[in-house]
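Colleague: This is the structure I have questions about; it appears just below.
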């Protein structure tokens, strides 16, 4: 009786898993391995070696890596500062960092398009002070900048969480045993926050690698990422087979990078999956 | 008398204008087991943290072995601390935990390995080198914390309620282990606790603190038998503390009855606090006592009975091996040398008045 009840409770979850995870992945697999007329082929997958696709893939990897490193570099010191603040103030700061996430993703990107454009707010202000204007819109820099802006909270929060879980006693014990500030950081704080760093890297790197909206709107068609290639295959060329094949390749990169990070983070505690 | 190792001089400390320690003076001798005892918020942990270097006093000096170390960081002091919640490094094995301090001092590998073996043996956990912190019970973790501290051969070991999180049986076992360790290592222990039994069992010297002031310093016997004021009497074990009047030398009136006692020098007709330990109250036949009363409650405590007796408007707490049922009519008697007379505090603040050491 109890078992039946449990199975009933799991029902909606099962429907979700099958309908929205397994089925789509199965369809991608099917489309990736067939031609438009339904015959078996590996062409859709091997077409990643086409120079346009390879270039897009490498640019995606490069920008995602840059975004991840910048996020990490910004987040770690910030998490430390937050952690050392007293209760009331750090709540406010965390809130401020999460606040932009309440706005629509597209709206945020469009806002940056307005801010960064040649006649935008930033250049107007710079011009007012007689400074040279920025010409970053439609460059990879603008894309990376916006990625960092969008994904930064996903890096800060797991690192901050890991850091706030470290007991003050443990830090004091390290000092008590003769450790200076540097030793405390490298032997105690860093290893104990590794799980947060790994979670953060995965949560920033994966969406950065697969994103296409940011490069679409801020790249002005000049920054072609693998996400854009896939989007075009589906939405413009109506070539679902090619789109699925490339998606599958991207999925492999995502899975490999997650597996790499997780195996690395094991000693520091559980990773994200 | 061994020499003074630590000298706390005029230590003052406050948080957010709340005075925690007010002009505290205390010295600790070499190889002494000294316990700071008091209720929470009395300043005992702050005192320990000032010795450890985790807190800076607002005023005053910490002298260690003749040198002023008031401004030194914790990692520059020759003391090690055992924390209440163990504070082991969760990402390291037991061996790595113990080796932490030694590695920082750049000791050789073989020296470190020998020390780990020795320390684990000392705390009865041989062979635990490769275990993880999570796989240990609370008592085992605390023993590792002690091992991690003592491998550094500190001159002083600071212990901040180290047994507070353990259950009763384990706590008692660990008390004996700590006494044994102290004797084997021959180093100074400074121990913080709010548990008076723990303090009485282990210490050479007990420092009773309340509201940032030292109330009494003495051996466990002194503190228990000759408390200097009602606070100490009440805090160290249970007591009957009754308002009385010192009629003349060696005679006190309590609850309308005159008791002969051994105290002198209080003057005539002075209001005083009369302290009588529950085990010093004798229950006898009604006609043999100086006071008669009725048993109102009876609790079996194992070794003894705890009995409440209502007599002359006061509920006496009595501990005796003889059973008296509830409702029994009994007489009360107290031997003169078991009556402690204390001056009444002049105001409620003065319960915390400083006693010159």
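Read-outs: derived from the displayed coordinates by stated rules, not from any lab. Here the structure is a predicted model, which is why all the values come from computation and not from measurement. Cβ: placed from backbone, ideal geometry, glycine included. Neighbour counts: every protein chain shown.
Colleague: Assuming R0 = 41 Å, what is the FRET efficiency of residue A:114 and residue A:5, from their Cβ-Cβ distance, to the nearest 0.05?
Modeller: The computed FRET efficiency comes out at 0.15.
Colleague: For A:131, B:157, which order do you get if you count the other beta carbons within 10 Å of each Cβ and list the fewest first?
Modeller: A:131, B:157
Colleague: Mind jotting down the distance between the C-alpha centroids of region A:157-213 and region A:117-144, whole Å?
Modeller: 35 Å
Colleague: Could you tell me the distance between the Cα centroids of region A:90-111 and region B:20-96, to the nearest Å?
Modeller: Between the Cα centre of region A:90-111 and that of region B:20-96, the gap is 45 Å.
Colleague: Additional query: What is the angle, in °, between the Cα long axis of helix B:94-104 and the longest principal axis of the Cα atoms in chain B? Nearest 10 is fine, range 0 to 90.
Modeller: 70 degrees
Colleague: Residues of region B:322-337 with amide nitrogen under 16 Å from the 7 Å Cα-to-Cβ point of residue B:285?
Modeller: B:329-333
Colleague: How crowded by other chains is A:182-189, given as the mean number of beta carbons from other chains within 10 Å of each beta carbon?
Modeller: Taking the mean over all residues of the peptide, I get 2.
Colleague: Next question. Just to verify a number: FRET efficiency for residue A:182 and residue A:46, C-beta to C-beta distance, R0 = 45 Å, to 0.05?
Modeller: 0.35
Colleague: Assuming R0 = 25 Å, what is the FRET efficiency of residue B:333 and residue B:306, from their Cβ-Cβ distance, to the nearest 0.05?
Modeller: 0.85
Colleague: Which angle from 0 to 90°, rounded to the nearest 10, does the C-alpha axis of helix B:168-185 make with the longest principal axis of chain B?
Modeller: 60 degrees
Colleague: I would also like to ask the following. If I model a spin label as a point 7 Å beyond the Cα along the Cα-Cβ vector, how far apart are those points for residue A:39 and residue B:167 in nm?
Modeller: 7.5 nm
Colleague: Divide by every residue of chain B the summed helix terms, -39500 (n - 2.57) for each DSSP H run of at least 4, and state the resulting mean residue ellipticity at 222 nm, rounded to the nearest 500 deg cm²/dmol.
Modeller: So the calculated ellipticity at 222 nm is -7000 deg cm²/dmol.
Colleague: A further question follows. Across the residues of B:89-97, average count of Cβ atoms on other protein chains within 10 Å?
Modeller: Across B:89-97, the average partner-chain Cβ count within 10 Å equals 4.
Colleague: Also: Compute the semi-axes of the equivalent ellipsoid of region A:1-148, taking the square root of 5 times each eigenvalue of the Cα gyration tensor, and list them largest first in whole Å.
Modeller: 40, 31, 15
Colleague: Would you list B:81, A:210 from fewest to most Cβ contacts within 10 Å?
Modeller: So the residues, fewest neighbours to most, are A:210, B:81.
Colleague: I'd like the distance separating the alpha-carbon centroids of region B:240-291 and region B:204-223, in whole Å.
Modeller: Their Cα centres are 25 Å away from one another.
Colleague: A further question follows. Quick one: grab the alpha carbon gyration tensor of region B:192-250, order the square roots of its eigenvalues as a ≥ b ≥ c, and give me rounded if a/c is under 1.5, else prolate or oblate depending on whether a/b is larger than b/c.
Modeller: Prolate is the answer for region B:192-250, as a/c is 1.5 or above and a/b outweighs b/c.
Colleague: Hey, got the average number of other protein chain Cβ atoms within 10 angstrom for residues in B:142-150?
Modeller: Mean shielding count: 1.
Colleague: What per residue convex hull volume, in Å³, comes out for the protein assembly as shown when only alpha-carbon positions are used?
Modeller: Measuring per residue, one finds 274 Å³ for the Cα hull of the protein assembly as shown.
Colleague: Moving on to the next point. Give me B:266, A:43, A:154, B:231 ranked fewest to most by other Cβ atoms within 10 Å of their Cβ, as a rough exposure proxy.
Modeller: Starting with the residue having the fewest Cβ neighbours, the order is A:43, B:266, A:154, B:231.
Colleague: Another question about this same structure. Run the numbers for residue B:321 and residue B:251: contour at 0.36 nm per residue of separation, minus the present Cα-Cα distance, in nm.
Modeller: Full extension of this stretch gives 22.3 nm more.
Colleague: Another question about this same structure. State, to one decimal in nm, how far the label point of residue B:243 lies from the label point of residue A:72, with both points 7 Å from Cα in the Cβ direction.
Modeller: Distance between label points: 7.3 nm.
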